[in-house]
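The structure appears below as structure tokens.
The values are calculated or read from the model by the stated rules, or taken from the named source; none is laboratory data. What you see is a predicted model; the values in this text were computed from it and never measured. Cβ placement follows ideal geometry from the backbone for every residue including glycine, while neighbour counts extend to all protein chains displayed. Areas reflect the complete protein model, heavy atoms only, side chains present, ligands, DNA and RNA absent. Shrake-Rupley method; radii C 1.70, N 1.55, O 1.52, S 1.80 Å.
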Amino acid sequence: MKFFIDTANLEQIKEAQDLGVLDGVTTNPSLMAKEGITGEENILNHYKAICDIVDGDVSAEVISTNYEEMIKEGEALAKLDDKIVVKVPMIKDGVKAIKYFSTKGIKTNCTLVFSAGQALLAAKAGATYVSPFIGRLDDISTDGLALIDEIRLIYDNYAFDTQILAASVRHSAHILNCAKIGADVMTGPLAAILALLKHPLTDSGLAQFLSDHEKASKK
Ligand code: E4P
């Protein structure tokens, strides 16, 4: 399972990269705005800065919602670095744009996916990744993980190449459950990745080992 970090924060991306478990980054317009990155040139430079840190795919989202503009924007983003994956929303023009990009060999991430039907369309259009937002489904009392399960079944039935990128991950239990179901990738906050490290028995066991060592070395 690939681990992507869902942020535009360079410090957090560096921290995850230094941990040695990072396979890529996803961003979206809200995450870019959260870092105060505005203006076309700054946004493009920020994507380049992310690509310089990480070894792996970096999703950069188009802002346009009509086909021609998405193509223009996506092609400009793809030219920035080979790591760039053009993130396109699940709307009619977005599906057409994904098809176009796939014929041109440009990687895509179909975002804002909330149903198995949308995921099927994204795969048919040739998306590299499909991003079902599990946390946002959980937020409206729907089972986000059940959607990952459904998409896994459909993609396996037809051997679609599109990778299931479980998005809107909120905590480490989401990561584990996505791994059990067989999501190809998960993208989540650094805190959810670091929470996988934690177990109280690890902490108490280590404290015991260190204190026994300390006592023995004083004898
Ligand atoms: C996916 O690529 C999105 O950036 C992201 O996972 C959205 O998550 P949120 O629901 O935490 O905003």
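Carbon and sulfur together cover what percent of the accessible area of the range 64-219 at a 1.4 Å probe radius? Present the calculation step by step, with values, prior to reporting the outcome.
Numbers: 4720 of 8170 Å².
Of the solvent-accessible surface of the range 64-219, carbon and sulfur hold 58 percent.
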#### Entry: Residue among Ala192, Ala97, Ala49 with the largest mean-square fluctuation in a Gaussian network model of the chain, springs linking Cα atoms under 10 Å
Ala49
### the chain: equivalent-ellipsoid semi-axes (sqrt of 5 x gyration tensor eigenvalues, Cα, Å)
35, 22, 14
### Positive minus negative residues near Ala191 (Lys, Arg vs Asp, Glu; Cβ under 13 Å)
0
### Summary
Listed residues Thr108, Thr162, Thr202; largest mean-square fluctuation, Gaussian network over the chain with Cα springs below 10 Å, found at Thr202
#### Entry: Equivalent-ellipsoid semi-axes of the range 38-167, from the Cα gyration tensor, Å, largest first
25, 16, 14
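Pop out the carbon and sulfur fraction of the accessible area of the range 1-61 as a percent, whole number, probe 1.4 Å.
44 percent
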### Message
Going Cα to Cα from Lys34, which lysines come in below 29 Å? Please leave out same-chain ones fewer than 8 positions away.
### Response
Lys2, Lys14, Lys48, Lys72, Lys79, Lys83, Lys87, Lys92, Lys107, Lys198
### Task
Write down the accessible area per residue of the chain in Å², having rolled a 1.4 Å probe over the full set of protein chains.
51 Å²
### Query
Which FRET efficiency, nearest 0.05, do Ala207 and Ile63 yield, Cβ-Cβ r, R0 35 Å?
0.10
### Query
Roughly how many debye, to the nearest 20, is the charge dipole of the range 1-150 about its Cα centre, given +1 on each Lys and Arg Cβ, -1 on each Asp and Glu Cβ, and no other charges?
580 debye
